[in-house]
1. For the structure I just gave you, tell me whether A:Ala92 is away from chain B (no Cβ under 13 Å), touching a Gly at 6+ places or on another chain (Cβ under 7 Å) and under 24 Å from A:Ala182 (Cα atoms).
2. Could you tell me whether any residue of the range B:51-71 is within 9 Å of chain C (Cβ to nearest Cβ) and open to solvent by less than 20 Å² (accessible area, probe 1.4 Å)?
3. Would the range A:485-505 turn up any residue that is more than 13 Å from chain C (Cβ to nearest Cβ), open to solvent by 30 Å² or more (accessible area, probe 1.4 Å) and either modelled with pLDDT under 90 or part of a loop (DSSP other than H, G, I, E, B) (or both)?
4. Tally time: how many residues in the range C:64-78 are more than 20 Å from the chain's Cα centre (by Cα) and either among the aliphatic types (A, V, I, L, M) or loosely packed, with under 10 Cβ neighbours inside 10 Å (or both)?
5. Check A:Leu260, A:Leu320 and return the single one that is aliphatic (A, V, I, L, M) and farther than 28 Å from A:Phe655 by Cβ.
6. Which number in (1) part of a helix (DSSP H, G or I); (2) farther than 30 Å from B:Thr86 by Cα marks the one condition that B:His58 misses?
7. Looking at (1) surrounded by fewer than 19 Cβ atoms within 10 Å (Cβ to Cβ); (2) in a helix (DSSP H, G or I); (3) within 8 Å of chain B (Cβ to nearest Cβ), which is the only condition A:Val152 fails?
8. Quick one: which residue in D:Ile125, D:Ile73 is closer than 30 Å to D:Gly149 by Cα, within 9 Å of another protein chain (Cβ to nearest Cβ) and open to solvent by 50 Å² or more (accessible area, probe 1.4 Å)?
Amino acid sequence: MPPRILFFAVALLSLFAMVPFAVIAWVRSAPSPGRPIHIIQDMDFQPRFNTQTLNPLFQDERAMRPQLAGVVALGEVGTPHFTDGVVDGNWAQALPSEAPMSMDLLERGQLRFNIYCSACHGYSGYGDGIVNQRAMDAMSNADGPIYGTAWVQAKSVHDPTVRDQSLGQIYNTITHGIRNMAGYAAQIPTEDRWAIAAYVKALQKSQDARLQDVPTARTCEPEQMSHASPTIDLTDRNIELGSKGATARIACLFIGVICLAAAFLLVFIGQMEWTAFWKAWLQNWFFILEISLGALFFVFVQHLTKAGWSTAIRRPAEVLASNLNWLWIGFLPFLILLLMGKAGHIFPWSDMEMLAAEAPAEAHLVEGKRAYLNTPFFLIRALIYFVVWAFFGTWFLRASLKQGRTDDSAPTRLMQKMACPAAILFGLTITFATFDWVMSLSPAWFSTMFGVYAFTGAATCGFSVLIITCILLQRNGVMVNVITREHYQDMGKLMFGFGMVFWAYIGFSQYMLIWYANIPEETGWFLARQLGDWGWFSAWLLFGHFCIPFVFLISKHPKRDWKTLLFAACWLLFFGWYDMYWLVIPVIPHDLGTFETYDAAVQAYASETTGIGHPVNWLLMVGMLAIFASFTIARLRAHPLLCRKDPWLKTSLDFENF
Amino acid sequence: MSRFLFPKWSNALLPLIALVGATVPIYVLYFVAFGFSPKTLEVGYQPVQPVPFSHALHAGELGMDCRYCHNTVERADHAAIPATQTCMNCHTLIKPESPKLEPVQASYQDGLPILWTKVHHVADYAYFSHQAHVNRGVGCVSCHGRIDQMEVVYQSQPLSMGWCLDCHRNPEPNLRPVSELTNMSWGLALGLEGEARDKAEAEFAQQRIEVQNLYHINPSENCSTCHR
Amino acid sequence: MTTMNVNTKVRSGETDNTQDVPGSRAPLVLNMNKFNQVTQQVCQVAEARRTPMAWYITFAIGLGLLSLLGFCIVYLIVTGVGVWGLNNPVMWAYDITNFVFWVGIGHAGTLISAILFLFRQKWRTGINRFAEAMTIFAVMCAGIFPGIHVGRVWVVYWLFPLPNQMEMWPQFRSPLLWDVFAVGTYFTVSLLFWFTGLVPDLATMRDRAKGKIQQIAYGAFSLGWRGSNRHWHRYERAYLLLAALSTPLVLSVHSVVSFDFATSQLPGWHTTIFPPYFVAGAIFSGFAMVVTLAIPAREMFGLKNLITLRHLDNMNKVILLTGCMVGYAYSMEFFIAWYSGAIYEKFAFINRAFGQYWWAYFLMVSCNVITPQLFWFKAIRTSIPIMFALSLLVNVGMWFERFVIIVTSLANDFLPFLMGRVHAHLGRHRNLLREFRSLPGDVHAVLSLPPDDRHRRSEGGHARGGSAFR
Amino acid sequence: MSATTKPSSAKASQADSPPRSYGLIAEFETPAQIMKAAERVRDSGYKWWDCCTPFPVHGLDKAMGIRQTILPIIVFFMGMAGTCAAFVLQSFTNASDWTVWAGVWVTGYPFLISGKPFMSLPAFIPVMFELTILFAALSTFGLMFAFNGLPQLYHPLFRNKRFRRATDDRFFIVIEARDPHYFKARTWEFLESLDPIAIEEVED
């Protein structure tokens, strides 16, 4: 048991805790002459002279200087009629032109009269105001001291001597006072004094008027006011495909050729524009390229980090990456189009005359980039990318195959060394290839992050295809117990981390920064992806590529079960393709800058369609994937599926996630 | 070798510490929320003035209009403290020899102003304009309270930014016909009971809406409205 | 727990365990074959009766500098933020530079703790504890700067969404407020992560402690940890979860810091690569700082068997990698500045390299991109003096990176009148000019701001209420 | 829930009565030994028992038969709660003019800054992310220690001198006296069969 004193201490503490609140309640309940406490003082009392404050500079210490006697303030000089109530030496009979008669004037006069005059003169002007009454009472009241009260009954304005006074004279009285009455010039502005004078006249009339004097329209004033009110066997049997997959390879090739042929046919018979077809071709080819690039990234990163766990699954990745030595074929149509000078509708910079005719402003911008965006340099760069990719894609596979034939660890060391230049060249080539083949589709647009975004796409496509490949291999009875759920979990993590989370991070950062700065030359690219059906398309990209798979894959269990992981990988692969569609197909409308508002642009492009439903898109996707699969199966059959003599193999086979 | 062992009851003490640890932040929050609020620190300030001027007498009993003395309120941002002259409009004759009036008389003689103590202080970085409010039907009573019942004036409202915003967000309850600006009891339906009271209140509500519509009152909540 | 094996050899007093034999991991703890030896080695730092003299010396230097900081802060608060030489158009310079620098340093700790944990990089355990502690202190250092930069430190709680008499709320669309949440969350999570990792070790200290005070203190802070495996089970899950949570958090913190700049429209700041670029830079500078601290620490406290050459070698590889990433970002910025076709963007970058702050830019590039390239050579990666010097250079370079980004982008405004009208006002503002010229930051703009007539006019409007006194 | 979390307060009140036995501890030297021993204890049907090790021994969970903790699931939902909290906070304060009770009455204040919409979702995401992490991390930390019944500064095991090496280099199996299968002599015999370095009794 805790010592008893603890209980007392706690009870006492609780009691004391109530004190501050009691003090607060007490302070709130009663006024006090204590100065208010300002906790944060800054700028609350500024070192300046406010209205009616002290300024020790002057003898009378007033910050506001009084007007000098006989001085008229600028802009307050008026006619003698207005300022003095005198016309030609006589009291004015009428209102001055500065304060013409109106109902408003009389109403104002009434209000002013009630404020300033009624205290003595009474609301009706009979001299029976409350001050008057009190003063009279004070004089006659013996209950209290009189303190020298010498009140004289206030004048009734209905007294004949006053009733007969002219307007000017009444004005003068108000201004300067008369007998015991003080002047009100300091308290009441000139206009208001005139208004009071006018009201006094009206008051006099009212108390001495008959019904017929009142205009019929004024007898009753029905004012209508409007009531408007206002979302794990390492024998050949297990690690070589052997005869397996021969049919699949042929079938894939067959499907691929059929699909591509069908796509061409559809375009030939006019179901699609050639420009649209070549853009769709670009999209699908770049998609296949990203799969291989993602696989290449996987391979060199394992060497770069001297990873042990991944050895069991590295061969399929090496094979996927080795496809880079033939994927350049998909670029040939563009080579031909560019050489023929007919790529203007795909790469607008390749035909400056056409661009200048269609969009002079954009052409002007692109003109400055001609040193980079020109056909010869474009083709030279493409050649460099293909050479680099084909070299590393095949080199790592060959080095790994060499390691499989020797007990020496030299090839492993060499691969580790080679991973360094591979990483650097990979980073640069994927960046500039994306700039060239995707970013330059809208040649005026630019984003520094675009290369990194393309890398995340490669990660998405590469890792998901690697997972699919491994699962399909195991489904065909090879690699049994070599690839375990531990490897799947790790591949799932990589797909989750790089293909989804990192993708979302890069994508969000790029979007948010452009959205936030809202610079016209940048926002157009995203606007084109928000207009019409593209808005929904983009929303689906966000949910399909990130939100839904995030919730699905965050737990380790779906990553460890091949069925769920296969589903997730297919899903993400599809969205990798979808992402490419989103990158390549939309075109920034040339007239975007002319819309006054975002809503107007949305209205004008409300009918914009994405064309995703067009069969050519799907035929190209299935066709290219099938051909890619066919080549991949061929290579998988040609080589062992495991590097049997890799020094890290044991680590990988024993690997277990903690 | 002896080794320090925590006593058994220390385990029972831990939940207590957790409880205190959870309570203290809440306690501090509430203490700050209530204790540092202008409603505590500012409201109720009632300085002693150099002249024992009674608003209850002049504005209440005598029913003199506020603007008789604070005559600039409709034309200027500042509601002027009256000049000594204004007092002397009447007090040359009424109780001129009263000891309470001595400072006033002295001021009248030597021309030096009476140093009144400012009660209602809006921070210098906030620009408040009396004319903008008064001419749109915001009555005196809304910010100054029942001056007509105060023998010595005290601050009845917090004059905090949040308090300003409450009205700027929902001005209607503080609107009245401009003619009733200085009427401290307008809208109260005093002395009425039952149906008559409901009827009067409905009428006040109606008039408030009318004023809102008449002046298109849609107060701004932008920073620069007050801080400029 | 491995004794000396093929992977190690002794070289000039240092046990070199950086030899790579593919298929086997080099030992991360040297010259030990019993669990107890590790405990002994780790605990002797705190249990030692005599603190190394070098510690006292460095502590005295640190304390002296800390007092100087305290004095400077008081001076700044009393005088105003102008003591930094802030003026239009350079409205923030040293404060935000230091903030970003320290937040960046702070990234290494959590990165080593969390990301390397997730990547199963076991070598992290030699350095993670003091890297985490470094993170906590670095984030505290970082927190000073926005605090004093606001000018009115006493109302700094306005940064938080608290109900208040103003009925005002923070402006959540501002990146500066995201900083508050990002850095606040980062500090909290780093602290939790550090403490969670510390609890079982504190229990070890408790069970070894001789003094009563130590027994009470370690006893209280170890929370009664007794190594129950039922506890270890949840503990390990929680540690993994914290690592998984910290990883994206680390990325987000410096991304949010980069948003402070990149959301603007200012050329040189508005670049979409800023978030990953800042994160790479942060890891870069953070690891450099860990190397800077690890080298004296292992000397001073005799931790060479725990913080081995391999640890340092690995850290230097991370520095090399992130240095290359930073270099990539620098070049992308330049390329896109040209590619964008925007003259202001082009100017901003040409000015950055060849303008009035060219020296800062070349200091930054040489320290951050060129110097780390030396780490391609293993001899350099395993040479203690050289890596120590390089880590210092990297930190200098990274400080200048922030300085370059912030100051050069701001110092040259883009309004044409800034150029044309400077001289017209020279006479009138001669004294001002003399005063400002001595300060970092370009002041041309100040001198050419037209006098604002509007204020005077509005003051005139109040005059009419002025006749209340007799 | 852990079997060793709380000595009930009813027991605590009998502090003056003669010391009761808390249970028996058996000391082992290597992780491999304790692993084997743990499997035996698990299979012999004891429920109120535990292993105390200086570092987490990989595979001991399985050897002891500990079920997976639900901690990650709770943390996931706490993280989601953080996301929602941040969204509500931001949209309430910056994009609504509602008045709600949050300890005191508070009102949202939509005000226009740099032409951004009041409900600026892209700008709200960073804070939503940060609060997700903050809520998840705080609940991970808090719940892990809470589920473990920590802090618990006093524990009978701390009375034992041998047990002090549980945080250094020795591995212990603890069988508590409250286990229905616990009979001191029989349990002692059982523990001896596990081949430990030492067996001792711990008083409560």
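1. When the stated conditions are applied, A:Ala92 passes them.
2. Taking the range B:51-71 and keeping what is within 9 Å of chain C (Cβ to nearest Cβ), we get B:70-71.
Cutting the leftovers down to open to solvent by less than 20 Å² (accessible area, probe 1.4 Å) gives us B:71.
The answer is yes; a qualifying residue exists.
3. Checked the range A:485-505: at least one residue is more than 13 Å from chain C (Cβ to nearest Cβ), open to solvent by 30 Å² or more (accessible area, probe 1.4 Å) and either modelled with pLDDT under 90 or part of a loop (DSSP other than H, G, I, E, B) (or both).
4. The number of residues fulfilling the criteria is 5.
5. After ruling out the rest, the residue left standing is A:Leu260.
6. (2)
7. (2)
8. Criteria check complete, one pass: D:Ile73.
The values are calculated or read from the model by the stated rules, or taken from the named source; none is laboratory data. Note that the structure is predicted; figures quoted are calculated from it, not measured. Glycine gets a Cβ as well: all are built from the backbone with ideal geometry, and neighbour counts include every protein chain shown. Accessible surface areas use protein heavy atoms only, side chains included; no ligands, DNA or RNA. Shrake-Rupley method; radii C 1.70, N 1.55, O 1.52, S 1.80 Å.
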